[in-house]
Amino acid sequence: MLLNKKIAIVLPAYNAAKTLEQTYAEIPHDIVDEVVLVDDASKDGTLEVAQKIGVRHIISHEKNKGYGGNQKSCYDKALSLQADIVIMLHPDYQYTPRLITSMASIIANDLYPVVLASRILGKGALKGGMPYYKYLFNRMLTFLQNLLMNQKLSEYHTGYRAFSAEVLKKINYKANSDDFVFDNQMLAQIFYAGYDVAEVTCPTKYFDEASSINFRRSVIYGMGVLRTSLQYRFQKWGWTKYPYLTPLP
Ligand SMILES: Nc1nc2c(ncn2[C@@H]2O[C@H](COP(=O)(O)OP(=O)(O)O)[C@@H](O)[C@H]2O)c(=O)[nH]1
Ligand SMILES: [Mg+2]
């Protein structure tokens, strides 16, 4: 709890057996009330590690649904646990769990309903070993997205995000893709619903276990990101209507 708000950490896991324990150990359990891990049919014993270290809520997908499909299960579960603040943390130990308290406090103090941990604010990304082509893609996509969505984020592609329960209930995340573009659709939905987004600087680590998305997957993701931003712009202009972008009543 922080200021009487219940805090849930959700870990969308896929082949995270080697890094899960360390990630879990560094979660600030003094303020975190619930930890949810969704295993997306990993092949490396992620589920066994989760059971061994005692993660309280474990959900196991029978078949691999993808990164977006995994997050849908994460947020459904966190909301069913009546969490007030939900923070997604990758169990690949790419992002430091020690930023959780800071991110949660921005929401708990009612300053912003969404907080992103940015690898681009400051100089964390390249120093942390982000491959140069990913950095370049990130910067170019971010530039275009800021123009199309009339925002000023330093990046839209971080996997470390905190949401108030109100936001998660307002956006139709269940209508999103089950693939990586899910993350981007969520931000488009958040901006479309009129919420403001805060960013905090986050150090990043790139190592083999922390990064499996290859060049081809990155290109597919990039196209999806552009499509999402264009859909946002067209719907803002009233040209088209994409049901997923429209906030829930
Ligand atoms: N649920 C699910 N998650 C995946 C899949 N492939 C990758 N991930 C997760 O997606 C996240 C981002 O992938 P990652 O390889 O770390 O990408 P990068 O860090 O951006 O290079 C990580 O938490 C992975 O565990 C998948 O098929 N299903
Ligand atoms: Mg990673």
Query - Net lengthening on full extension, residue 21/residue 44 (0.36 nm per residue, minus Cα-Cα) - result: 6.9 nm
Query raised in the report: Where nothing but the Cβ of Lys and Arg (+1) and of Asp and Glu (-1) is charged, how large is the charge dipole of segment 1-85 around its Cα centre, in debye to the nearest 20?
Result: 200 debye
Requested in this report: For residue 127 and residue 62, calculate 0.36 nm times their separation in residues minus their Cα-Cα distance, and state this gained length in nm to one decimal.
Outcome: 19.6 nm
Query - 1.4 Å probe accessible area per residue over the chain, in Å² - result: 46 Å²
Query raised in the report: Which of 159, 79, 100 sits closest to the plus end of the dipole of the chain, meaning its Cα is farthest towards the positive end, when Lys and Arg get +1 and Asp and Glu get -1 on the C-beta?
Result: 159
Query - Long-range amide H partners of residue 200 with built H, under 5 Å - result: 116, 117, 118
Query raised in the report: For the residue pair residue 239 and residue 213, what label-to-label distance in nm results when each label sits 7 Å from Cα along the Cα-to-beta-carbon direction?
Result: 2.6 nm
Query - Unit charges at the beta carbon, dipole of segment 31-134: most positive-side option, 60, 132, 49 - result: 132
**Report entry** Calculated FRET efficiency for the pair residue 30/residue 223, C-beta based, R₀ 35 Å, to 0.05
**Finding:** 0.25
Report task. Name the aspartates and glutamates eligible as straight-distance cross-link partners of residue 205: C-alpha to C-alpha under 12 Å, and not fewer than 8 places from it in the same chain. Result -> 92
Report task. Work out, step by step, the length gained on full extension between residue 169 and residue 96: first 0.36 nm times the residue separation, then minus their alpha carbon distance; give nm to one decimal. Result -> 23.6 nm
Report summary line: Pairs over 32 Å Cα to Cα, from 152/241; 72/241; 127/169, come to 127/169
Query - Fluctuation leader among 41, 25, 83 - the chain, Gaussian network, Cα springs under 10 angstrom - result: 25
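Magnitude of the Cβ-charge dipole of the chain, K/R +1 and D/E -1, about the Cα centre, nearest 20 debye?
Values: 28 positive and 23 negative charges, 169 e Å.
Value, rounded to 20: 820 debye.
Can you pull the percent of segment 205-244's accessible area that's carbon plus sulfur, 1.4 Å probe, other chains left in place?
Numbers: 1640 of 2670 Å².
After summing per-atom areas, the C and S share lands at 61 percent.
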Requested in this report: Taking amide H positions as placed in the peptide plane 1.01 Å from N, state which residues far from residue 35 in sequence (5 or more) or on other chains have amide H under 5 Å from it.
Outcome: 9, 56, 57
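The values are calculated or read from the model by the stated rules, or taken from the named source; none is laboratory data. Everything quoted here is computed from the prediction, not taken from an experiment. Cβ coordinates were reconstructed from backbone atoms using ideal geometry, including for glycine residues, and neighbour counts include every protein chain displayed. Surface areas here come from the heavy atoms of the whole protein model, side chains and all, with no ligands, DNA or RNA. Shrake-Rupley method; radii C 1.70, N 1.55, O 1.52, S 1.80 Å.
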